[in-house]
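> Take this structure, written in structure tokens, and hold onto it; I'll ask about it next.
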Amino acid sequence: QLQLVESGGGLVQPGGSLRLSCAASGFTLDYYAIGWFRQAPGKEREGVSCISSSGRSTSYADSVKGRFTISRDNAKNTVYLQMNSLKPEDTDTYYCARLRLPHCLGYARGPFDYWGQGTQVTVSS
């Protein structure tokens, strides 16, 4: 069965760091771009970042540029989101999703067909 599982969320102080993981099962990530999204209660889901199937190209929302880094290890069938210099406004549930294309269409566009269940990130002192 196709599945994406996020992990690595938690509570961190402002300025701290977390690394989120998105592990795939039931399919190989080699052919697909993968995106990270986030959503807070009562707010619309927003795109955070996207990485091409090869890992050679990446895209970021303006709000996270310079602080977040997306990467992938296709041998481990896993995509990562390194989150540095975290701010309280980064508090959200973070989701990864599979794009049915090898290349990203910006950081939040395109036919994302499979989604993980999310991992909670809380940035607070």
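> Under 5 Å between amide hydrogens, which residues at least 5 positions from THR91 or on another chain qualify, with H placed 1.01 Å from N in the peptide plane?
VAL123
> Could you tell me which GluC sites (Glu not before Pro) in the range 20-120 are loop residues by DSSP with no more than 12 other beta carbons within 10 angstrom of their beta carbon?
GLU44
> Also, quick follow-up: Could you give each residue of the range 74-83 its phi-based ³J(HN,Hα) in whole Hz, using Karplus coefficients 6.51, -1.76, 1.60 with θ = phi - 60°, and x for Gly or Pro?
Computed from phi, the couplings for the range 74-83 are 5, 5, 9, 6, 9, 10, 10, 10, 7, 10 Hz.
> Nearest 0.05, what FRET efficiency do ASP62 and SER25 give at R0 = 35 Å with Cβ-Cβ as r?
For ASP62 and SER25, the calculated efficiency is 0.60.
> Give a residue-ordered list of calculated ³J(HN,Hα) values for the range 101-108 (Karplus: 6.51 cos²θ - 1.76 cosθ + 1.60, θ = phi - 60°; whole Hz; x for Gly, Pro).
Whole-Hz 3J(HN,Hα) from phi for the range 101-108: 8, x, 10, 6, 10, x, 9, 8.
> Report the net charge of residues surrounding SER53, where surrounding means a beta-carbon distance below 14 angstrom and charges are Lys +1, Arg +1, Asp -1, Glu -1.
Here the count lands on +2.
> Give the calculated FRET efficiency between SER85 and ASP113 to the nearest 0.05, with a Förster radius of 35 Å applied to their Cβ-Cβ distance.
The formula returns an efficiency of 0.65 here.
> Could you check what % of the DSSP bridge pairs in the chain are antiparallel, to the nearest 5?
The antiparallel fraction comes to roughly 95 percent.
> Starting from 0.36 nm per residue, how many nanometres of slack lie between SER17 and SER124 once their C-alpha separation is accounted for?
37.3 nm
> Something else about it: Heavy atoms of the protein only, probe of 1.4 Å, neighbouring chains included. What is the accessible area of SER85 in Å², nearest 10?
SER85 has an accessible surface of roughly 60 Å² with all protein chains in place.
> Tell me which trypsin sites (Lys or Arg not before Pro) from the range 60-125 have a DSSP coil assignment and no more than 16 other beta carbons within 10 Å of their own.
Those that pass, being in a loop and sparsely packed, are LYS65, ARG67, ARG100.
> Roughly speaking, to the nearest percent, how much of the chain's 1.4 Å accessible area is carbon and sulfur?
Using a 1.4 Å probe with all protein chains present, the chain comes out at 45 percent carbon and sulfur.
> State in Å² the accessible area per residue of the chain; use a 1.4 Å probe, count heavy atoms of protein chains only, and round to the nearest integer.
52 Å²
The values are calculated or read from the model by the stated rules, or taken from the named source; none is laboratory data. Values in this document were obtained by computation on a predicted structure and should not be read as measured data. Ideal geometry is used to build each Cβ from the backbone, glycine not excepted, and the neighbour counts take in all protein chains shown. Note: areas computed on protein heavy atoms with side chains; ligands, DNA, RNA excluded. Shrake-Rupley method; radii C 1.70, N 1.55, O 1.52, S 1.80 Å.
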